């Protein structure tokens, strides 16, 4: 018994006085605390409250079909005010604030709450529904603290990020996590290139900034994947590289001019009868495509000599073409390749479609 105790004591002594092993490099990359970063960046983060008038029909859109019918008949002619919350961040001391289009795009009134509790009415400068970006502006008695843009292209899977915003209307909140994936396509539009993060974001975080460890904005929190409506660790942010370009154009012109063909399209797989491409299912009679000779049944295979392999590629390529410019569209028609010059039109707003 005494020999066993002696051996155990010797082992314990050896462990007690053994030099500590160095932690692996990957274990030393995380900050001990995000507090210094949060103190520096949170003054640029704002809470946003909006009021919107909706018809009685719109107000019941999330109800079961039978209840929708009953309530719509009962309140057919009524309109009501609904309120919502979101987040944003100041990008210019003069009062320019970035948020999501789905937060403020349909608002009748917008109220911004600064980090010190000051409430300021805001005006909508411009929105872009294809990227879900919006720019608003407040008039403040003094210059406001502004965030700075970071390099979203340099983000790597595994990098630390901090999400800030107004979850569930609770006011300024932050969460931390890592980049889970890059280049996510959620089917929301042709410019989908989301950063996936596991930093918890919830309803109300929309429009808030995603910071890197330098305190720079590398994304705008925009969406979550959740069966329950709350965070399950899968959130999505729009890359700052895209947002900053959109914001600059909104600030300069108040709108984003997108190219438009006026067609309904669908993917076409390669077959013995023809190559892969994008089939034109329907053509708007008054649209640019119809005026240029494109027809239902045509299969678009190239634009300006570049292969078109999906409807998303076609829509994105045309959307990036300034309205009024001409593109060369190659289509397969009745077994033959036909090249048509098409003058791109201006994409109408969603409500104009």
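All of the numbers you see were taken from the coordinates with simple rules; none came from a lab. Keep in mind the model is a prediction, meaning the values are calculated, not measured. A quick note on method: Cβ atoms are made from the backbone with ideal geometry, for glycine too, and the neighbour counts reach across all protein chains shown.
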Exercise. Put a dot 7 Å past each Cα toward the Cβ at residue 118 and residue 232; how far apart are the dots in nm?
Worked result: 4.2
For this session: Calculate the length of the line joining the C-alpha centroid of the stretch 86-117 to that of the stretch 201-265, in whole Å.
Result: 14
For this session: Could you grab the relative contact order for the stretch 252-353? Cα pairs under 8 Å, six or more apart, rounded to a whole percent.
Result: 30
Exercise. Over the stretch 122-199, what is the mean sequence separation of C-alpha contacts under 8 Å (at least six apart), divided by residue count, expressed as relative contact order in percent?
Worked result: 23
Seminar exercise, completed: In nanometres, the difference between 0.36 nm per residue of separation and the alpha-carbon distance of residue 339 and residue 153 is 63.3 nm
Seminar exercise, completed: Going from the fewest other Cβ atoms within 10 Å to the most, one would list 249, 32, 214 as 32, 214, 249
Seminar exercise, completed: Computed from every Cα-Cα pair in the stretch 259-352, P(r) in 5 Å bins starting at 0 and rounded to whole percents is 3, 15, 27, 30, 16, 6, 2, 1, 0
Seminar exercise, completed: Everything considered on the Cα gyration tensor (a ≥ b ≥ c; rounded for a/c under 1.5, else prolate if a/b is larger than b/c, else oblate), the stretch 152-253 must be described as rounded
For this session: Fewest Cβ neighbours within 10 Å first, please rank 267, 108, 128 accordingly.
Result: 108, 267, 128
Exercise. So if R0 is 41 Å, what FRET efficiency would residue 139 and residue 291 give, r being the distance between their Cβ atoms, rounded to the nearest 0.05?
Worked result: 0.40
Exercise. Computed FRET efficiency, Cβ-Cβ of residue 304 and residue 106, R0 56 Å: what is it to the nearest 0.05?
Worked result: 0.95
Problem set entry | Fewest-first sequence of 116, 185 by Cβ atoms within 10 Å of each Cβ | 116, 185
